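One structure is given here, and the rest of the page talks about it.
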Amino acid sequence: MTDPIIAVLAFDGISPFHLSVPCLVFAEDRTALGLPRFDFRICAVKPGPIHTEAGLTIAAPHGLEGLDGADIVIIPSWHHLGEPASPPLMEALRRAHQRGALIVGLCLGTFAIAAAGLLSGRRAATHWACSEQLQKLHPDVAVDASVLYVDNGDIVTSAGVAAGLDCCLHIVRARYGAEAALRLARQIVLSPHRQGGQAQFIEHPVARSADADRFTQALDLVRATLGETHSLDSVAEAAGLTRRTFTRRFQ
C-alpha cells in the first residue's frame, strides 16, 4: 500500500506560520499515533527558491507537477488577494479535483480555490477580515464569515491563522478516526475538537461591573498620590464604599 500523498503549495511572500501548519500535522512521522506515513511534498507555485514573509528562504523540491497523484492538496494561504491564481496553478487544482483529490484552502488559500472555479455555488470559509473581499470577488460563492471551517466533502476551507490547525485536525479525524486525531491533538497540545461551525471570534464588549469601576477609581487615586500615606479607610472612601464593604468585595 502506497503512502498517502500530501501536496502543500508554497509561494513567494508566504508566512512561515501558515506553511508550518500542514507541516506540523502531516510532515512528521506520526505512525506511533495510528496515522499512516505520509508522502509529504512542498510544491512551489513558481520555479525557484521561495522567499517567505519573514525573510527565510526555502528550497521547494517540487513544482506544480508535485500535485500529480496527490491525495490531499493544501493551499495554506495566498499572497495578493486582488491577484488571481496563475492559469497553470488553477489548471493543476482543477485536475487534482477532477481525479478525486481533497482540496484544502487554509485562511486566504480559499481565494486560490475560488479563482479556480471550484467553489461556485458552495459554502466557504476564510479569514473573517477578508471574507467581504472574497464575496465581492466571487459572488457565486456562499462565504461564511463566522465559522472555523467548512467541509464540502471534496473541498475543505478554513478561517484564518490558528483555525488552520483545527481544519487539519478535522481532516485527520474524518479520514483516520477520532482516536488518531485525539492522540495527535495531545501530541501537539491542541484542543481535541473544535466544531467547524464554532465562531471565529465573538466581538462583544467586556462587561464591567460597578465594583470594577469603583476599584479602578480608587487605584487611580492611589497611583496619582504615591507620595502620600493611604489607609484602608481612605482607599475605601475613594471607592465610595464603607470599609467593611470594600474589604468584602476587593479580592
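Values for this structure:
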item	result
Long-range neighbours under 8 Å by Cβ, at least six apart or interchain, first residue at pLDDT below 80 within region 218-247, second of a type in the set (Ser, Thr, Tyr) and not in a helix (DSSP H, G or I)	Ala236/Thr242
Number of the exception - Gly69 against (1) out of contact with any Phe, Trp or Tyr (no Cβ under 9 Å at 6 or more places or on another chain); (2) surrounded by 15 or more Cβ atoms within 10 Å (Cβ to Cβ); (3) outside any strand (DSSP E or B)	(2)
One residue from Gly164, Gly153 being assigned by TED's automatic domain parsing to the domain that holds Cys23 and part of a loop (DSSP other than H, G, I, E, B)	Gly153
Matching residues, region 156-171, being touching a Cys at 6+ places or on another chain (Cβ under 8 Å) and surrounded by fewer than 24 Cβ atoms within 10 Å (Cβ to Cβ)	Gly160, Val161
Flag for Phe17 being crowded, with 19+ Cβ neighbours inside 10 Å, aromatic (Phe, Trp, Tyr) and either part of a helix (DSSP H, G or I) or assigned by TED's automatic domain parsing to the domain that holds Glu132 (or both)	no
Candidate set: region 118-175, residues that are under 19 Å from the mean Cα position of the chain (by Cα) and acidic (Asp, Glu); chosen: the one nearest to Pro84 (Cα to Cα)	Glu132
Scan of region 147-163 for residues that are among the β-branched types (Val, Ile, Thr) and on the phi > 0 side of the Ramachandran plot, ordered by number	Val161
Tally, over region 102-117, of residues that are on the phi < 0 side of the Ramachandran plot and touching a Lys or Arg at 6+ places or on another chain (Cβ under 9 Å)	2
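The values are calculated or read from the model by the stated rules, or taken from the named source; none is laboratory data. These numbers come from a predicted model, not from an experiment. Ideal geometry is used to build each Cβ from the backbone, glycine not excepted, and the neighbour counts take in all protein chains shown.
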